[in-house]
Every structure is written in C-alpha cells, then in structure tokens.
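Worksheet: the structure to be examined is printed underneath.
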Amino acid sequence: MGRDVVIRVRDLRVGYGEDIVLDQVSFDVYEGEVFVILGGSGCGKSTLLKGMIGLIPPFAGRVLIDGDSVSEDEERLKGIFRKIGVLYQGAALFGSMTVAENVALPIQAYTRLPPESVNVIVQMKLGLVNLNGYENHLPSELSGGMKKRAGLARAMALNPKILFFDEPSAGLDPVTSAELDQLILQLNRNLGTTMVIVTHELQSIFAVAQRVIMLDRQTRGIIAEGDPQYLRDHSQNQAVKRFFNRVVNTE
Amino acid sequence: MTGPETDNAKPYQVSRDEDGGMTFSVYGNMDVSNAAVLLKDLKAEVKNDSPSSLTVDLNAVEYLDDFGTLVLVELKRLMSAAGGKFHLVHPGPKIRNMLSLLNFDAMAEPVTFIKKRSPNLFVRIGDAALGQLSDLRYAVFFLGSVCLSLAHVCLHPGSLRREETISTMQRTGVDGLPIVALISFLMGLIMAFMSSVQLEQFGANIYVASLVSLAMTRELGPIMTAIIVAGRSGSAFAAEIGTMKISEEVDALFTMGFDPVRFLVVPKLVAALVMVPILTLFSDLFAILGGLIVGVSMLDLTAGAYVAQTLKTLTLFDVFWGVLKSGVFGIFITWVGCLRGFQVQGGAASVGQATTSAVVSSIFLIIVIDSVFSVILRYWG
C-alpha cells in the first residue's frame, strides 16, 4: 500500500466569529489509513472536520485534499467533493426521500448509468451496509443505527477516496456501534478507502484507529499523535493519560 | 486515477471461439469512473453477437469496485435472459473478495424498487376521508385544549410566560406595523381614487371620506391586517412549533411536566389577541390618511372638511365592531398556525406543508368568520 499523503493540513486556524477554536494545527493523513481525530467535548474535533471539508472557511492556514486546496473557489470545491464522502452525526438523510432514493441521488447525478443499473448499485450499496429490504423505507421509519448505515451507504455512493465520519457511534448502542466499526474496517480493507473519523468513544478508537491525533481545548491544538495503544500506555501528557484511562480531572 | 483507457482505446479485447462462445478480456480498472461506458460497450458487443456463452477474463483487471461489479452483473443477467452461460475466470484474490462481499453470485434477478404500492381508488378515497376526519377531531381537541389553557392562564395570570409573550407581541405587532401601515395607506389611496371617479360626476366628492373610512373600519381594515398577520406570524408559529416537534423539543416539554399547548400556544394567543386589534386601528388610521391625501390633492377638499366628514360618518360602534372582529381573527390565526405546527410529522418537508397550510387555512377562516360577523350584524344590529 502506497503511503501517499491524501490530506495535508498546515497551520490551520479555525473558529466561529471571534472565537478561535483551534490554532496552528498541522498534520497529514496517508492513503488507505484509518485516521481518528479525538479529544474531549468542546475541543474542536467537529470544527476541525468542518474546516477540513470546506464547510467553514479557515481563518488561516490551508488544507490540501488529494493535492487540491480546499478553498472558497466553488469549482475546485466541487472537484474535491467528488473525492470525499461525509457521514454526518445525525446521518442527514433527506426526509422526503426513501432510503434507495437517498443513495441513488448522487449516483444519478454523477454517472451516466441507466436507471436499472442505478438500482443494482443501490442494492449493492445497501447490501454492504446490511440494509437490504429497507429500500422503500423513509428515514423517519428507521432506527438510529439504520439511519447511520443508510447515511454511510449514501456517503460512499460514488466510492469516494476519503470518507469522513462525524461521531459515528454517537447515539448508538454498543453492539450497533461495534458493528459500524467492523463495517468501517471492512470497507477500508476492501475498497482501500481512507477513513477520517471524529470520535471520543474509547472502544471505537482502539477497534479501528491506526493513527490518532488528540486535540485539547486549553492548548487549542494537537497534544498527541500516534498509535492509540502506545499513547495510552506511554504518553507523558496528563490530559492524554486521563482521556485514555477515563480519569476525572481533579485539578 | 482512471484506468489507462481513453475514449477511443477500448479497455477490453474480444475473442470468439468456434462453438459460438465469446470472451472479454478486460484490463485496467473497472470502477465508478468508467463503468457506464464499459457497460454500454460490452452490452452492445453481446447484443451484436448473441453468443452461446460468455466468459469474462478478469486476469488483467487491477481494481474492481461495486460499479465494476455492476457491469458483470448486468452481463450475467443479459446472458441468463438469452439462455446462455456466463463464466468469470481468473479473478485475483482482491477481486474475488470484492465479489463475495457484494454477494455477486446471488445477484441474478433484476432489481426494481417498487414504489409504495398505491392502493385502488376506493381505498384511497376512504383513507383520505378517514384522514380528514381524524384531522378534524384533532382540530377540535386542540381548540378545546387551547381554551382550557387560556382559562387556566386567566385564573392564574402568574403562569403566563411574560417575556415570551412580550417578545411575540413585538414580532407580531411592532415588526408588522410598517407593512400593515404601508398597505393600508395604499388601500386608502386606491379606494379614494377609484371612488372619486364615480362620485365626482355627482359632485359628491366629500363622500369619498365616508366611503374610505367606513369600508376600512368595518371590513377591509380588519381583513387586510388579519391576512398580513396570517402571512407573517401564522406561518412563523407553524414553522416554529413544527420544527420543535420534529426535533423532539415538544416531547421534552411534555416530559418536563409542561403542557406544550399552555407553554407554546398561550403566549402567542395573548400576543395576537392584543396586537391584531391594535394593528387594525393603525390600519384604519393609515387608510384614512391615504384617502385624505387623494382628497386634498385631487378632489379640492380641505383637510378639515375631510376629517370632519370622516368623524361624522364613523360611529364608535363601527370602530369597536372592526376591532372585535380583528381580535377574533387573531385568535383563529394563532389557533390554526399552532395546530398545523403540532400536526407536523416526519421531516423538513412536513414543516413546509404545515406553514403553507397555516396561511391558507388562516385566510380561509378569516373570510368565513367575516361572513359570520356580517350575518350577525344583519339580523341583530
């Protein structure tokens, strides 16, 4: 497997309005890896994700996805959007469309496949996430875990090079959450998709992450980077130790 | 990223054997970028030749995803429909993995997602009727709970959410004043102008003042104001409550022990009850002002004469009647807006429907109630 850099983040400063949430953040994500962004609540994980995919313009610094700069230039952003898929926290399925229509939407828009073939693809996508038989359900008729899986099927409709996950296990029971982790690993192995996951679920982190960065609210930046097992056992940083060992901050 | 092929160089070779079989040797990638073209070309080859059997050699395929698999599925299906055999040869380990992951062997039947079957006409009519009936029941139930909540607030004035009520008053009344004033002013202007054309022929210019003031205070002022409030605030009530409903905020209120109707509807109701009549008074005033301007500038009336004629025409009862009507309009606009909000189910589209329906129902109710008032006045007044 090539170790090409697919996402390069340099000196990124992001925030909302006057508030700077993260500053001077730099890291690389390599092709085909499962990369996890972790940290406690309010440390800017989701903000970083939004900054990376161009949903909020950065105050400073830059993000390169597959060599292209994520900028405010719409044409260029569209090119980047073809290479990425995003699973949002609430799955963000379109409520007025069935599951099949949700998944078919990008396929119909960006390929020239005939309608029957689109149906076959949709069936395969839903098969990958174990949602066969739910094609005609509306999102409001699905459980939380099923919505996530349907959202994942839609995110990977066009086999993007990179998949972003915002808190994939939020609101899921441990079994469903573990199943989703397995699915992520399976897709990563079989399709070679690069996975960028924002989460704070320890079990999920140890199950899927090949490399992590940890963010911190106080320092507004990265306080640790590397293999999660190693960080848990050997990190000298108190905040990192507390996070991995679920220790309450008593200071 | 894409395979080595371009549009003119085909990414496959075709060979035929003596007993009518056909072999495609595909090379490069079979993925989302070229699946549509590949599928079209290969299908055309098969249809041209109608071979007795088809073999696809995957030896030189470097990468295959589900879109590539789709091509294979479609070819397999084409062959089985024609009664021919289909073989895959030399898939690499990764490709074999992918095919088993996607359950390739089981994918023989064509897929059609049957849209939710639409039942026959009678069933649909029955369904619609039952739906209307249960809507009506809910509407009556809701009217009841609004009345109870209002009674509760009258008995315990302290339970009214004062700040919320005042801010709703501001949004419904104060923020709506400019548009109500402008439209009423223009209405007065138009009415005076149109009627003057006729009345001038009889030298009865001064009755323009009577016509404008009477028509506005009795009928048009309350109606126009109510329609504007329905468009501005009735829709806002429906959208607000509908969004709260789908984001489970209404459920949260309920489990926290609040009565959602009392919590959400009563402040709006009180606000509308106070502000719609006040807006109506402003509407009357601005319409008379509009008429005055036409009267003074075009009909050679003095401002004093115009005002005197207006005061001579209007009785206190006329003004009171208009204000009373507008208060009732306000209650029904709020009731329908909140009702539609509480009826929201599902997602964003439902909120949109509720908002539309709130405005349309409000306008309908305004006209109906106005007719009822006219009838009452006719027989009682």
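Data overview
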read-out	value
Rel. contact order, % - alpha carbon contacts under 8 angstrom, at least six apart, chain A	24
Shape of the stretch B:122-232, Cα gyration tensor, a/c cut at 1.5	oblate
Beta bridges per DSSP with both ends in chain A, % antiparallel, nearest 5	55
Antiparallel DSSP beta bridges within the protein assembly as shown, as percent of all bridges there, nearest 5	45
Within chain B, longest stretch free of exposed trypsin sites (Lys or Arg not before Pro) [DSSP loop, at most 12 other beta carbons within 10 Å]	B:118-381
Normalised per residue, the volume of the convex hull around the Cα set of the stretch B:12-106 (Å³)	82
Partner chain coverage, peptide B:39-48 - average Cβ within 10 angstrom	1
Cα-based shape type of the stretch B:271-378, given that a ≥ b ≥ c are square roots of the gyration tensor eigenvalues and the cut on a/c is 1.5	prolate
Percent accessible area from carbon and sulfur atoms, the stretch A:76-170, protein chains only, probe 1.4 Å	51
Whole-Hz ³J(HN,Hα) from phi, Karplus 6.51 cos²θ - 1.76 cosθ + 1.60, for the stretch A:82-92, glycine and proline x	6, 9, 10, x, 10, 9, 7, 4, x, 6, 6
Relative contact order (%) - the stretch B:156-380, alpha-carbon pairs under 8 angstrom, separation at least six	35
Test item: Cα-centred dipole of the stretch A:99-251, Lys/Arg +1 and Asp/Glu -1 on Cβ, debye	300
Residue mean of other protein chain beta carbons inside 10 Å, A:117-130	5
Filter on A:Lys83/B:Lys40; A:Lys50/A:Lys147; A:Lys147/B:Lys40 - keep pairs with C-alpha separation over 32 Å	A:Lys147/B:Lys40
Helical contribution to [θ] at 222 nm, DSSP H n ≥ 4, -39,500 (n - 2.57), averaged over chain B, rounded to 500	-22000 deg cm²/dmol
Compactness of chain B, expressed as Rg and Dmax over alpha-carbon positions, Å	35.8, 110
Surface share of carbon and sulfur [accessible, 1.4 angstrom probe, percent] for chain B	66
Listed residues A:Ala100, A:Ala155, A:Ala92, most fluctuating in chain A (Gaussian network, C-alpha, under 10 Å)	A:Ala92
Chymotrypsin sites (Phe, Trp or Tyr not before Pro) restricted to the stretch A:201-251 and DSSP loop, no more than 12 other C-beta within 10 Å	none
Accessible surface, the protein assembly as shown, averaged per residue in Å² (probe 1.4 Å)	49
3J(HN,Hα) from dihedral phi, the stretch A:214-224, Karplus parametrisation 6.51/-1.76/1.60, rounded to Hz, x for glycine, proline	10, 9, 9, 5, 5, 7, 6, x, 7, 10, 7
The stretch A:50-129 - convex hull of the alpha-carbon atoms, volume per residue in Å³	126
Fraction of beta bridges assigned by DSSP in chain B that are antiparallel (%, nearest 5)	25
Area hidden from solvent between B and A (accessible, protein heavy atoms only, 1.4 Å, total, Å²)	2500
Qualifying lysines (Cα of each under 24 Å from Cα of B:Lys268; at least 8 residues distant if same chain)	B:Lys245, B:Lys325
Cα-based Rg of the stretch B:156-380 normalised by 2.2 N^0.38 Å, two decimals	1.17
Max mean-square fluctuation residue, GNM over chain B, Cα-Cα springs under 10 Å, options B:Ala139, B:Ala82, B:Ala287	B:Ala82
In sequence order, calculated HN-Hα J values of the stretch A:72-81 (Karplus, 6.51, -1.76, 1.60; Hz; x Gly/Pro)	8, 6, 5, 4, 5, 4, 4, x, 5, 4
Cα-Cα P(r), the protein assembly as shown, percent of pairs per 10 Å interval	3, 12, 16, 16, 16, 14, 10, 7, 4, 1, 0, 0
Relative contact order, percent, chain B [alpha-carbon distance under 8 Å, six or more residues apart]	17
Selection of GluC sites (Glu not before Pro), the stretch B:223-274, meeting DSSP coil and at most 16 other Cβ within 10 Å	B:Glu248
Exercise: per-residue mean of other protein chain Cβ atoms within 10 Å, B:346-352	4
Near-label residues of the stretch B:262-284 by backbone N, under 17 Å of a point 7 Å along Cα→Cβ of B:Ile166	B:267-268, B:270-272, B:274-275
Theoretical FRET efficiency, 1/(1+(r/R0)^6), r = Cβ-Cβ of B:Asp49 and B:Lys94, R0 22 Å, to 0.05	0.15
When chain A is reduced to its Cα atoms, the Kirkwood hydrodynamic radius in Å	18.8
Label-point separation in nm, A:Glu225 to B:Thr313, each point 7 Å along Cα→Cβ	8.1
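The values are calculated or read from the model by the stated rules, or taken from the named source; none is laboratory data. Because the structure is a prediction, the values reported are computed rather than measured. Counting neighbours? That spans all protein chains shown, and the Cβs are built from the backbone with ideal geometry, glycine included. We work out accessible area using only protein heavy atoms, side chains counted, and drop any ligands, DNA or RNA first. Shrake-Rupley method; radii C 1.70, N 1.55, O 1.52, S 1.80 Å.
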